[in-house]
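**Student:** Here it is, the structure, as structure tokens.
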Amino acid sequence: MSDITITAGKVVFFHYTLTTDDGETIDSSRGGNPLPYLHGAGNIVPGLEKQLDGLAVGTKLQAVVSPEEGYGVRHGEPMPVPREQFPGDIELEVGMQFFGEDPDGNKFPLWIADIQDNMVAVDPNHPLAGVTLNFDVEIMSIRDASEEEVAHGHPHMPGMHAH
Ligand code: ZN
């Protein structure tokens, strides 16, 4: 069992704590369940997936991921949009992602950066764009993906799966 390593087509469960260069904790799985992902399917940021390749269960890793291999470099600036242009039945929150559409009908992601009274600042950048990501990782388990998981490109968890 212990000679299983992370390769494409494995479902990997890992614990992580994600911090910025300033030491601010952005997110952590510790205290909850380890995060599952399908290796090689782009479920996690490319810089982390690359550094997890070939690791075995029990491995601990400090992975530093540049913005280029994380959530991208920043491009463009937040734009103010009147609140009334959003559906009234949706509770808007900072960090929420939605999709805009250009005149040709191409969809692109946008994130809410700020909400002030009746104006919403809409940012073309992921909240973590331009941020160097510091992952403190421990590999908890590795198993083969099912054919269905490979076809879907993500792991399936009992009772947790919805499409
Ligand atoms: Zn699925």
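The values are calculated or read from the model by the stated rules, or taken from the named source; none is laboratory data. The structure presented is a predicted model; accordingly, all values stated were derived computationally and were not measured. Keep in mind that these areas ignore ligands, DNA and RNA; they rest on the heavy atoms of the full protein, side chains included. Shrake-Rupley method; radii C 1.70, N 1.55, O 1.52, S 1.80 Å.
**Student:** So what's the gap between the Cα centers of region 131-163 and region 92-117, to the nearest angstrom?
**Tutor:** 27 Å
**Student:** Okay, next question. Over all directions, how big on average is the projection of the convex hull of the alpha-carbon atoms in region 79-123, in square nanometres?
**Tutor:** Average projection, Cα convex hull of region 79-123: 3.1 nm².
**Student:** Straight distance only, please: which lysines reach the Cα of residue 50 with their own Cα at less than 23 Å, same-chain residues fewer than 8 apart left out?
**Tutor:** 10, 60
**Student:** Given a 1.4 angstrom probe, I'd like the percentage of the accessible area of the chain that is carbon and sulfur, rounded to a whole number.
**Tutor:** In the chain, the share of accessible area belonging to carbon and sulfur is 51 percent.
**Student:** Turning to a different aspect of this structure: Residues with amide H under 5 Å of residue 120's amide H, sequence separation 5 or more or different chain, H placed in the peptide plane at 1.01 Å from N; which?
**Tutor:** Those lying under 5 Å, H to H, from residue 120 are 81, 83.
**Student:** Along its principal axes, what span do the Cα atoms of region 39-163 show, with the longest given first and each in whole Å?
**Tutor:** Between the extreme Cα coordinates on each principal axis of region 39-163 lie 51, 32, 29 Å.
**Student:** If each DSSP helix of 4+ residues adds -39,500 (n - 2.57) and the sum is divided by the residues in the chain, what number results at 222 nm, nearest 500 deg cm²/dmol?
**Tutor:** On the way: 2 runs with 13 residues, N = 163.
Result for the chain, helices only: -2000 deg cm²/dmol.
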